[in-house]
Amino acid sequence: MAKFKCNICGQTFEADKMPDKCPVCQADKTHIQEESVSEAQTATKKKGLDTGSNTYTVAYAAVMVIIVAFLLAFVSSSLSGIQNANVENDTKGQILTALGYDKASINVGEVYDQNVKDNLWDKENLQLKPYDGKFKTTYGSAVKAGELHVFTATAADGSPAYVIPVTGRGLWGGLWGYIAIDQAKQTVLGTYFYHEGETAGLGALIGDRPFQEQFIGKPLFADGIEGIALTVVKNGTPKKGPYQIDGVTGATLTSNGVANMIKDGLGAYDTFINNK
Amino acid sequence: MKLFSDENKAAFSNPLNLNNPVTVQVLGICSALAVTSQLKPAIIMGLSVTVITAMSNLVISLLRKTIPNRIRIIVQLVVVAALVTIVSQLLKAFVYDVSVQLSVYVGLIITNCILMGRLEAFAMQNGPWASTLDGLGNGLGYAWVLVVVGFVRELFGSGRLFDIQVIPDSWYAVNGGWYMNNGMMVMPAMSLIIVGCVIWAHRSLNKEEQ
């Protein structure tokens, strides 16, 4: 049943389809218009359900929340296995990138297992012990708890290397990275940095290879500087030595974050790095 | 009912041009500011908003007759938040690289005013198919503005497109050339000025339609 209105006599009437003439004043059908009935009205009429009542509103909210909660819990628990595997694989890829491998062109899991070993540094006895716990994907809290992970590895060029995980803070959130150093613990072989959410096009550039490749072959130490000398300085400042790396233009705070991350991160491993 | 009746076509094509969410309704420009310093995040953000707008429009349109009027905004918000969470979980599980690139933008999608605007203005009154088209149209209407802004900012701000250098090194002043990147372009405020220019151009092209 639809409603029609005649524009000549102004009468409204109901019919199944458009009539040929107005049943009241006999005007031609060109003067008759179909009246649209809002869908909300028809819905309430059809179901006889009062969607405005308090009981309905409360029940609707409760049911909706329960359904959504179960749905999200189900999705999250059924996918967490695959997600963790992805994160683990990605972390291994990051370590391999620091070692000079191109993670896009290799099978990350296989190459990692062949070339990298996870160790713990024993501060008291000054020796590395194999780590056989669960592979970690973040190292900030581990270092704070005194659990110093050191990866012994074979770099992409075949030379033996150590990889040290570091964490820090940038402008908007956390930063982390892996620094590969040679066996003499003097020179950087490669780095990998990434961030939670630095500004795209500015701070986020620390996650790109051109910034990271600047570190290759740079010394950790310099004469006259105590502790780790390797640092990041404002782009364009004259260098005092090869241990100073150009920061990202327009992202001073992120660059400072990287500098602090290197200083504090490697600083936490001082007993390992200074142990010849 | 035809799949592509005139009304459905209009639901899809109006937001691309004459009723564009960004240039005409000036919605969603907050996120345009955050993600447009490069072309790639702008495109990813545009596509994600398109998918989420279409899907939430569809769900709300299917539920529209049952939603209690007084809590409809809350219902819409729950649907959007649930959808975004599920999509981001799926991305993390099956296309991990994309989810890393999206990182913070996923959260920005929930707060995008275009979404709530379309749910309230269109999906609550129209059928599922028309609503889906409307969502796609509005998402793409938002995406093209983002892409234009991202293109201008990346090209003039850092001389690159999709992270690939397009302005020859020899043009740069440091190498003896005449060219310099415009540092203003990478600043967030510049995106609003460019959006303003896009709105200006768009409105003067469509003067008679207003």
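The values are calculated or read from the model by the stated rules, or taken from the named source; none is laboratory data. All values reported here derive from a predicted model rather than from experimental measurement. Every residue, glycine as well, gets a Cβ built from its backbone with ideal geometry; the counts of neighbours run over all protein chains shown. Only protein heavy atoms, including side chains, enter the accessible area calculation; ligands, DNA and RNA are left aside. Shrake-Rupley method; radii C 1.70, N 1.55, O 1.52, S 1.80 Å.
Against the criterion of being within 30 Å of A:Gly93 (Cβ to Cβ) and not polar (S, T, N, Q), B:Val49 qualifies.
Among the residues of the stretch B:164-171, is any touching a residue at least 12 places away in the same chain (Cβ under 8 Å), among the aliphatic types (A, V, I, L, M), in a helix (DSSP H, G or I) and more than 14 Å from chain A (Cβ to nearest Cβ)? The answer is no, given that none of the residues of the stretch B:164-171 is touching a residue at least 12 places away in the same chain (Cβ under 8 Å), among the aliphatic types (A, V, I, L, M), in a helix (DSSP H, G or I) and more than 14 Å from chain A (Cβ to nearest Cβ). If we scan the stretch B:69-85, do we find a residue that is modelled with pLDDT of 85 or more, in contact with a Lys or Arg (Cβ under 7 Å, 6 or more places away or on another chain) and open to solvent by less than 10 Å² (accessible area, probe 1.4 Å)? No, there is no match, as no residue in the stretch B:69-85 is modelled with pLDDT of 85 or more, in contact with a Lys or Arg (Cβ under 7 Å, 6 or more places away or on another chain) and open to solvent by less than 10 Å² (accessible area, probe 1.4 Å). Within the stretch B:137-160, the set of residues being within 13 Å of another protein chain (Cβ to nearest Cβ) and either free of Cβ contacts under 8 Å to residues at least 60 places away in the same chain or more than 26 Å from B:Ile52 (Cβ to Cβ) (or both) comprises B:Val152, B:Leu155, B:Phe156, B:Gly157, B:Ser158, B:Gly159, B:Arg160.
Picking from A:Leu96, A:Leu72, which residue would you name as being within 10 Å of another protein chain (Cβ to nearest Cβ) and either modelled with pLDDT of 90 or more or not in a helix (DSSP H, G or I) (or both)? Break it down into steps so the answer makes sense when it comes.
Working: A:Leu96 fails: within 10 Å of another protein chain (Cβ to nearest Cβ).
Selected residue: A:Leu72, the only one of A:Leu96, A:Leu72 that is within 10 Å of another protein chain (Cβ to nearest Cβ) and either modelled with pLDDT of 90 or more or not in a helix (DSSP H, G or I) (or both).
Of everything in the stretch A:196-210 that is more than 7 Å from chain B (Cβ to nearest Cβ) and among the aliphatic types (A, V, I, L, M), the residue that is surrounded by the fewest Cβ atoms within 10 Å (Cβ to Cβ) is A:Ala204. So which residues in the stretch A:112-149 are surrounded by 13 or more Cβ atoms within 10 Å (Cβ to Cβ), acidic (Asp, Glu) and over 15 Å from A:Ile273 (Cα atoms), if there are any at all? Selection gives A:Asp118, A:Glu147. Looking across the stretch A:57-66 at every residue that is at the interface with another protein chain (Cβ under 9 Å from one of its Cβ atoms) and closer than 30 Å to B:Phe94 by Cα, the one that is least open to solvent (accessible area, probe 1.4 Å) is identified as A:Met64.
So is A:Thr199 among the β-branched types (Val, Ile, Thr) and more than 22 Å from B:Asp163 (Cβ to Cβ) or not? No: the conditions fail for A:Thr199. B:Ser37 meets each of the listed conditions (1) more than 13 Å from chain A (Cβ to nearest Cβ); (2) open to solvent by less than 30 Å² (accessible area, probe 1.4 Å); (3) within 23 Å of B:Val186 (Cβ to Cβ) apart from (1).
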